[in-house]
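Right, one structure below, let's go through it.
Every number here is computed from the coordinates shown, using simple stated rules; none is lab data. Keep in mind it's a predicted model, so treat the numbers as computed, not measured. Please note: Cβ atoms are built from the backbone with ideal geometry, for glycine as well, and neighbour counts cover all protein chains shown.
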Amino acid sequence: MSPNKPILICQCAERGLVEIGSVPRDVAAVIVPDLCKAAAARDPRLANEFAEIHACHPRAVRALFDFAGHPLGAGVDVVNHRDPAIRPSGDPSFQSNPAWYPVIDYNRCTACGQCHEFCLFGVYEKTDEGRVVVAHPGSCKNNCPACARICPETAIIFPKVGESPINGAEITDEDQRKANVKINVDEILGDDVYAALNARKQKRRSLLDQKKIDKALEERRKCSEKKL
């Protein structure tokens, strides 16, 4: 670790998913309560050139930094503190104003747009170049990782989810991953995938009706009170 570069520590305060010990006094550290929230807020501290990052799965961390506009260099060491051997330090239920939203692993994303068509809450947008982006992270429905389950390339990451690999864990078995995606799509959409996606797209448009928007917000509130 370079003595001239700070380390970053994510405490994941809302879910207690990581447990990090004390930092030596001679080490410069940037401590954020929640890296997801810092990335969504475009926290300027994330622009630092870090020697190490202590947080969760490296794939999720790199996607969060991409989302924040500060891609990590290849030489940055990401230390995964979501090791099963480490007992979570807090209650995994949400506190107020949770930082729950997806980020995209662009090393896997093919810009097929299924996540954009599937989401009812306008989280995703497509750029003029066809790139899918998380444009409105605050609109994501708490505890809902459904879009990640239908992504054919498993490119959608929800860092706070307990289930691998949609929480950003490394993918080691591509055949099993593809099988799991097929099961998820069948369960969520049924046999006619594209017809179901089109139906969801029309439903999303119907949410422009204020009463339906109010109902969706109420559903979102109730969902936030439940554990994943």
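Listed values, structure above:
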quantity	calculated
Derived scalar couplings ³J(HN,Hα) [the stretch 153-170; Karplus, 6.51 cos²θ - 1.76 cosθ + 1.60; whole Hz; x for Gly, Pro]	10, 6, 8, 8, 10, 10, x, 8, 5, x, 8, 8, x, 6, 8, x, 4, 5
Least to most buried among Cys144, Cys56 (fewest other Cβ within 10 Å first)	Cys144, Cys56
Fully extended contour minus Cα-Cα distance, from Ala111 to Arg131, at 0.36 nm per residue	6.6 nm
Mean Cβ count within 10 Å, highest first, over the residues of peptides 45-51, 149-155	149-155, 45-51
Inter-label distance, nm, simple model (7 Å from Cα along the C-beta direction), Thr172/Arg42	3.9 nm
The stretch 7-80: C-alpha gyration tensor shape, a/c 1.5 cut-off, then a/b vs b/c	rounded
